[in-house]
Amino acid sequence: MVLGLELNGLGVVRSLARAGIEVLAVDDDLRKPGMRTRYGRKLAVRALHGRMLVEDLVQMGRLFPERPVLFITQEATVATISRYRDELSPWYRMTLADADCLRMLMNKESFQRFAERHGFRVPRSLHIRDDGTMRAACALRFPVILKPACRDAAYSRSFDKAYQVPDFDALRNLCRKIMPVLPDLIVQEWVEGSDSDIYFCLQYIGRDDGLVASFTGRKVRSWPPHTGGTASCIAAPEAEAELTAMTSRFFRAAGFVGMGSMEFKRDTATGKFFLIEPTVGRTDYQEEVATLNGVNIPVAAWRSEAGLGRLPAAAKLHPVVWRESVTDRWSAQLQHQRQGRGVLDSGRKIDGWLRWHDPMPALDILRRRIRKAACRRIDRVRLAKGSAI
């Protein structure tokens, strides 16, 4: 069962279904583009987090002849499943870290303190709660990154995922805009490098099996550049040994099990990797890049939960670039890059939405864009006619 069919969940559904595994695709909106996929049986819930989700999952669970393996794709869903795990475990199979471990790793401040305490290399940071703690940021080396300490719906409605801030005056002005909405911020010294210096290690760790599957990749571009989510990415075999070991060591120290990943940034001045932030309890946004490059983590996790043993070692494939084509194009244009001409993104490219074997999600997005553009054109015509009158 895959909970949440945004681009992340769509990749998980495809990874499982094309390996011959029966999939239940679950969302609170059956009209989403991801729910147009040809793969999986579609089921609706009233919400993807909170008590209503738990009630719906329990009701569904009673109908299945055996317990489905649960795949979570959104952070709010992780919090709900963790809180009600005892109520859900009779109906679903899932390996989920202890609640305290998840809370610690899902909060950027507590993650930072844990990493520092255990000797991991992280950028210098400061937790901002008020004007007093904000003033202490003048001691940091600028530029810095400003972001919320944890995910917050009110923050997300009004502000970007993160901000690169050039100096203390700009930081103070931005904090004073954000703090009435969310007085819980992290400011972190900038690690010198481009989007392609951002790496990640995706893992699944079984409670009894240890490290079941691992894949190391790197971004090609982000949207927005420097501070946003992944627009395109590729395998990074050159960093696999180092980052797999570092990620595994961190998760062992935290007592973490289940689906997770770690984001790193390589300092171009020193070549050293810094831990930036983990993703825990759920699949990552770009999870499918591992499948496309020969490491099917969802299938490895399913086999572990089902007691079927490990997957055979993956054959080495020619590197595949995974991308969200629209944001990747925007990012390339904004940075004056020729899309597909760089060293990292010159190989075979696969769009996150469009597959010839599964075209409907991409066609649905295209239909929505055409309709939106047509509505804007109609509005402009009406406005022009009104002005003429």
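Along its principal axes, what span do the Cα atoms of region 80-216 show, with the longest given first and each in whole Å?
Projected onto the principal axes, the Cα atoms of region 80-216 cover 53, 31, 27 Å.
What is the mean projected area of the alpha carbon convex hull for region 105-150, to one decimal in square nanometres?
Mean projected area for region 105-150: 3.5 nm², to one decimal.
In deg cm²/dmol, rounded to 500, what helix-only [θ] at 222 nm does the chain give when every DSSP H run of at least 4 residues adds -39500 (n - 2.57) and the total is split over its residues?
-11000 deg cm²/dmol
Taking 0.36 nm per residue of sequence separation and subtracting the Cα-Cα distance, how much length would be gained by fully extending the chain between Arg367 and Thr270, in nm to one decimal?
Extra length from Arg367 to Thr270 when fully extended: 30.2 nm.
Given a 1.4 angstrom probe, what's the average accessible area per residue across region 1-129, in square angstrom?
45 Å²
Based on the Cβ-Cβ distance of Glu22 and Arg135, what FRET efficiency does E = 1/(1 + (r/R0)^6) give at R0 = 45 Å, to the nearest 0.05? All intermediate terms of the calculation are to be shown ahead of the outcome.
Working: r = 57 Å, r/R0 = 1.26.
So the FRET efficiency works out to roughly 0.20.
Can you give the FRET efficiency to the nearest 0.05 for Glu55 and Arg31, using r as the Cβ-Cβ distance and R₀ = 30 Å? Can you show the working numbers first?
Details: r = 22 Å, r/R0 = 0.74.
The value I calculate is 0.85.
Using the basic label-point model (7 angstrom from Cα toward the beta carbon), what is the Ala99 to Val381 distance in nanometres?
According to this spin-label approximation, the distance is 5.8 nm.
Please give the FRET efficiency for Ala374 paired with Ser158, using the beta carbon to beta carbon distance and R0 = 51 Å, rounded to the nearest 0.05.
Values: r = 29 Å, r/R0 = 0.56.
Computed FRET efficiency for Ala374 and Ser158: 0.95.
Going by the alpha-carbon gyration tensor, a ≥ b ≥ c the square roots of its eigenvalues, is region 1-72 rounded (a/c under 1.5) or, if a/c is not under 1.5, prolate (a/b greater than b/c) versus oblate? If you can, show how the numbers build up before the last one.
Details: a/c = 1.97, a/b = 1.22, b/c = 1.62.
Oblate, since a/c reaches 1.5 and b/c is not below a/b.
Given points 7 Å out from each Cα along the Cα-Cβ axis, report the Arg176 to Ser346 separation in nanometres with one decimal.
Output for this residue pair reads 5.0 nm.
Excluding same-chain residues fewer than 8 positions from Lys385, which aspartates and glutamates have a Cα within less than 15 Å of its Cα?
Excluding near neighbours in sequence, the set is empty.
Please report the carbon-and-sulfur percent of the accessible area for the chain; probe 1.4 Å, protein heavy atoms only, DNA, RNA and ligands left out. Write out the running numbers ahead of the final one.
Details: 9880 of 18790 Å².
Carbon-and-sulfur percentage of accessible area, whole number: 53.
Antiparallel as a % of all DSSP beta bridges within the chain, to the nearest 5? Don't skip to the answer; put the middle values down first.
On the way: 44 of 57 bridges.
Just about 75 percent of them are antiparallel.
Among the aspartates and glutamates, select those whose C-alpha is under 18 Å from the C-alpha of Lys161, and discard any that sit fewer than 8 residues away in the same chain.
Glu6, Glu75, Glu109, Asp152, Asp184, Glu189, Asp195, Glu263, Glu277, Asp284, Glu324, Asp328
Could you give the accessible area per residue of region 215-314, probe 1.4 Å, as a whole number in Å²?
I get 35 Å² per residue for this part.
What distance in nm separates the simple spin-label points at Leu63 and Arg38, each placed 7 Å from Cα in the Cβ direction?
2.5 nm
For the pairs Lys42/Lys372; Lys147/Lys177; Lys108/Lys219, flag any whose C-alpha to C-alpha distance is greater than 18 Å.
Over 18 Å apart, Cα to Cα: Lys42/Lys372; Lys108/Lys219.
Could you sort 190-202, 354-366 so that the peptide with the highest average Cβ count within 10 Å comes first and the rest follow in order?
190-202, 354-366
The values are calculated or read from the model by the stated rules, or taken from the named source; none is laboratory data. The structure presented is a predicted model; accordingly, all values stated were derived computationally and were not measured. Heads up, the Cβs are rebuilt from the backbone with ideal geometry, glycines too, and the neighbour counts pull from every protein chain shown. When the accessible area is computed, the model is the full protein with side chains, heavy atoms only, and any ligands, DNA or RNA have been set aside. Shrake-Rupley method; radii C 1.70, N 1.55, O 1.52, S 1.80 Å.
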